[in-house]
Every structure is written in structure tokens, then in C-alpha cells.
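Below is one structure, written out as C-alpha cells; the observations come after it.
The values are calculated or read from the model by the stated rules, or taken from the named source; none is laboratory data. In this text, all values refer to a predicted model and were calculated from it rather than measured experimentally. Every residue, glycine as well, gets a Cβ built from its backbone with ideal geometry; the counts of neighbours run over all protein chains shown.
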Amino acid sequence: MHSSTQPVIELCNITKTYPNGFQAIYPLSLSVNRGDIMGIIGYSGAGKSTLIRLINRLEEPTSGEVRINGENILELAESTLQKRRQKIGMIFQHFNLLSSRDVFGNVSFALEIAGWKKEQIKTRVYELLSIVGLREKAHFYPSQLSGGQKQRVAIARALSNHPDILLCDEATSALDTKSTKSILELLRSIQAQLGLTIVLITHQIEVVREICNKMCVMSGGEIVEMGSVETIFSTPKHTITKELLSYLPAVSEQEVLAQSKNAYKISFVGEHINEPLISDVIKRFGVEVNILAGNIEPLSTMKVGHLFVEFGADEAKNQQAIAYLKGKQLLVEHFDDWS
Ligand SMILES: Nc1ncnc2c1ncn2[C@@H]1O[C@H](COP(=O)(O)OP(=O)(O)OP(=O)(O)O)[C@@H](O)[C@H]1O
């Protein structure tokens with residue numbers, strides 16, 4: 001990820017009160033740097049959608065400034081705003097595709113509006129469909145596509161005018177786990193390829209973990225915690241942040257394998273959960289143990305724990321330690337056995 005310290009989006013003391021008098025955003029400031037993937041997370045009603053829509057003036061703030069690349073976009077006349085908006089792509093939870101147009105037509109639509117010439121449109125649409133991996137589906141209609149494919153079309157459309165910002169409003173909330181993963185991978189790769197700045201809102205903490213480098217936690221129209229994903233995940237401060245983090249699904253074996261090709265999975269149940277078995281083998285056998293990940297899952301009848309570790313270079317000691325753990329009725333599997 002090519003993040004810099006150059007702010008691309010700056011929200012300065014913005015507030016939003018809807019015409020019915022409801023204040024959805026209390027004074028808040030937020031700065032997003034070039035190349036950041038900023039995740040805005042919070043429960044339903046926290047103000048996430050309102051906030052993201054203030055960035056491209058789909059909502060007008062009640063007070064404050066919205067600066068894009070240093071320019072206060074609240075001062076722009078409608079015609080200039082339209083031009084600037086072409087540089088801010090947006091994707092939505094329900095894709096918002098035109099059902100009467102095929103994939104090609106949906107992507108070309110944004111270019112037609114922006115006044116591109118017909119012959120340039122064709123080249124650009126196929127270029128975009130290649131980026132999102134849908135070239136061969138150019139003449140399919142939205143009703144013939146899966147949710148993940150529809151979101152790819154929406155991404156191609158959002159990228160059509162070479163934006164430098166991409167706003168994602170719950171872009172994976174309507175997708176299953178597999179499609180979510182592939183859309184997040186696509187977002188990560190286009191961010192790297194095109195040097196985009198991405199702001200995404202989500203209520204899924206795993207989305208933030210997967211692709212963001214920065215995050216904000218929103219509650220009651222305010223940002224209650226903001227910073228790098230590493231810092232917030234390792235030392236969450238606000239109660240809402242801690243609660244959201246507690247919903248993180250258990251670490252997956254693929255994630256562990258991405259860190260080490262020599263990992264062991266140690267599985268234990270019930271009575272062993274509270275025993276200091278790892279410090280035990282370190283003391284007894286002088287073995288080196290690097291803990292890669294771990295989790296305890298409360299089942300309805302008992303708790304099951306998994307620990308993913310990597311042992312040091314001394315294979316004789318490692319085997320003694322593994323034999324000892326197996327003797328304690330723990331399941332110890334090398335990655336070859338479970339990958
Ligand atoms: N047009 C509107 N008029 C009045 N109140 C609104 C309007 N739009 C949103 N709100 C209110 O503002 C608050 C924040 O809504 P918003 O959609 O920004 O939250 P959110 O965090 O995105 O929630 P969700 O994930 O459910 O969409 C909510 O209480 C909502 O009812």
C-alpha cells in the first residue's frame with residue numbers, strides 16, 4: 001500500500017443536521033492521506049453513510065469545510081462540482097446497476113455522461129472490464145450476474161473517469177464470504193495499481209482488518225476512535241471499538257499459512273484451556289516457540305482452543321515438545337496435515 005502524508009480528503013469541523021432537525025453528525029474533522037484505505041466502522045445509525053456522502057457532496061454539510069486535494073468543494077458551482085465528482089468514484093451495497101443495459105452499457109454510461117467520444121469509450125470500457133476480470137461478460141445483463149460480478153461492474157463504472165478517490169458504501173454487505181473476499185482483493189489490487197485513496201464504510205470489522213491501513217470508529221454521529229489499524233486492533237480504547245473487535249471471526253488457517261510455511265496447529269479442549277502448556281514446554285525442553293495466532297471458541301457445551309505456532313530450528317527439541325503435548329491429549333498437526 002502506497003500511503004503518503006499528503007491529505008487528499010479533509011473534513012474540517014463538519015456537522016450535519018437533517019431538515020427534520022435530527023443532528024446526524026456532530027462537529028468532526030477527518031483527514032485521509034493519498035493511498036490510504038480508510039475504514040469507517042460503527043453500528044447502524046452511527047452516521048457512517050451520512051459522513052461518506054458528505055465527501056462528494058451527495059449530502060450538504062450544515063457547517064464546516066470539505067477539502068478535496070486542498071480545494072474547498074463547498075464553494076464550487078454545480079458545473080465545476082460535477083467535474084470534480086468524476087474524480088470521486090463511488091460504489092454501493094446494492095450495486096445500483098441499470099437493469100436495461102448490459103455490462104458494457106453500464107460501464108460506458110458513466111463515460112457517455114462525461115462526454116467521451118464513442119471510439120474512446122469502447123477501448124476504455126474493455127480496459128476497465130479487464131481490470132475487474134469481466135471482459136468475457138461484456139454482453140451479459142445484470143440479472144445474469146452474481147452479486148460479486150455485479151459489484152465488479154460497479155467498480156469498473158466507478159473507475160471509468162480515472163478517479164483518485166473511491167468511496168465504498170457497505171460495498172460487501174450484500175455478498176457472501178467468498179465474494180466479499182474477492183471484492184476486497186480487487187479493491188486492494190486496484191488501490192495499489194492506480195494509487196487510489198479509498199474510504200469505505202462498513203459494519204463488518206473483518207473488512208477493516210482485511211484491507212484498511214487506517215480506521216475510524218463512529219458512534220452517535222461522532223468519531224470515537226481514529227488511527228492506524230494496527231494500533232487500534234492491538235490497543236483499542238473505546239468501549240464500542242472493543243465490542244466491535246470482539247466480533248472478529250477466528251483466525252483462518254489460510255491467514256496463518258500466509259505468515260509461515262512451517263506452522264503447527266495445536267488444538268485443545270475443556271480442562272486444558274487454562275493450562276500454561278506453552279510456557280511448560282519452553283521450560284522443560286528449551287524449545288523456541290513463536291505464537292502466530294490463537295483463539296478460543298465457546299461452544300454450547302465446552303470451549304475449544306486453537307493455537308498456531310512455529311517452533312525454532314532445533315528439530316530434536318521440537319519433537320520432544322510435540323510428543324509431550326500429544327501426551328497431554330492435545331492434537332498437534334503440522335500444516336501439511338491440515339492445509
Ligand atoms: N434524510 C434523513 N433525514 C433525517 N434523518 C436521517 C436522514 N438520513 C439519515 N438520518 C438519520 O441519521 C442517523 C445516521 O444515519 P446513517 O445512515 O448516516 O447511519 P449509518 O451509520 O450509515 O447506519 P446504517 O448502517 O444503518 O446505514 C440515523 O439516525 C438516521 O435515522
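Points to keep in mind about this one:
- Scanning the range 180-197 for residues that are buried (at least 23 other Cβ atoms within 10 Å of the Cβ) and under 13 Å from GLY39 (Cα atoms) returns LEU187, THR197.
- Selection of strands (runs of 3 or more DSSP E) fully inside the range 183-296 by the criterion of at least 3 residues being in contact (Cβ under 8 Å) with a residue 12 or more places away in the chain and more than 30 Å from LEU54 (Cβ to Cβ) returns 263-269.
- Screening GLY39 with (1) in a strand (DSSP E or B); (2) more than 29 Å from CYS212 (Cβ to Cβ) gives one miss only, at (2).
- Residue check, VAL125 touching a residue at least 12 places away in the same chain (Cβ under 8 Å), surrounded by 14 or more Cβ atoms within 10 Å (Cβ to Cβ) and part of a helix (DSSP H, G or I): yes
- ILE52 crowded, with 18+ Cβ neighbours inside 10 Å and within 16 Å of the ligand (Cβ to nearest atom): yes
- Selection count where residues are surrounded by fewer than 20 Cβ atoms within 10 Å (Cβ to Cβ), within 23 Å of PHE92 (Cβ to Cβ) and away from the ligand (no atom under 16 Å from the Cβ), scope the range 18-34: 0
- Meets criteria (within 9 Å of the ligand (Cβ to nearest atom), in contact with a Cys (Cβ under 7 Å, 6 or more places away or on another chain) and of a type outside the set (Phe, Trp, Tyr)) for ILE40: yes
- Test for PHE104: is it in a helix (DSSP H, G or I), among the aromatic types (Phe, Trp, Tyr) and surrounded by fewer than 18 Cβ atoms within 10 Å (Cβ to Cβ): no
- Only one of THR235, THR241 that is at pLDDT 80 or above and surrounded by 12 or more Cβ atoms within 10 Å (Cβ to Cβ): THR241
- Selection status of ILE113, among the β-branched types (Val, Ile, Thr), touching a residue at least 24 places away in the same chain (Cβ under 8 Å) and either out of contact with any Leu (no Cβ under 9 Å at 6 or more places or on another chain) or within 15 Å of the ligand (Cβ to nearest atom) (or both): no
- Residue match in the range 75-91 (condition: within 27 Å of ALA174 (Cβ to Cβ), hydroxyl-bearing (Ser, Thr, Tyr) and away from the ligand (no atom under 16 Å from the Cβ)): no
- Filter pass, ILE205 being under 14 Å from the mean Cα position of the chain (by Cα) and under 15 Å from CYS168 (Cβ atoms): no
- Residue check, ASN72 away from the ligand (no atom under 16 Å from the Cβ), surrounded by fewer than 16 Cβ atoms within 10 Å (Cβ to Cβ), free of Cβ contacts under 8 Å to residues at least 24 places away in the same chain and more than 20 Å from ALA156 (Cα to Cα): yes
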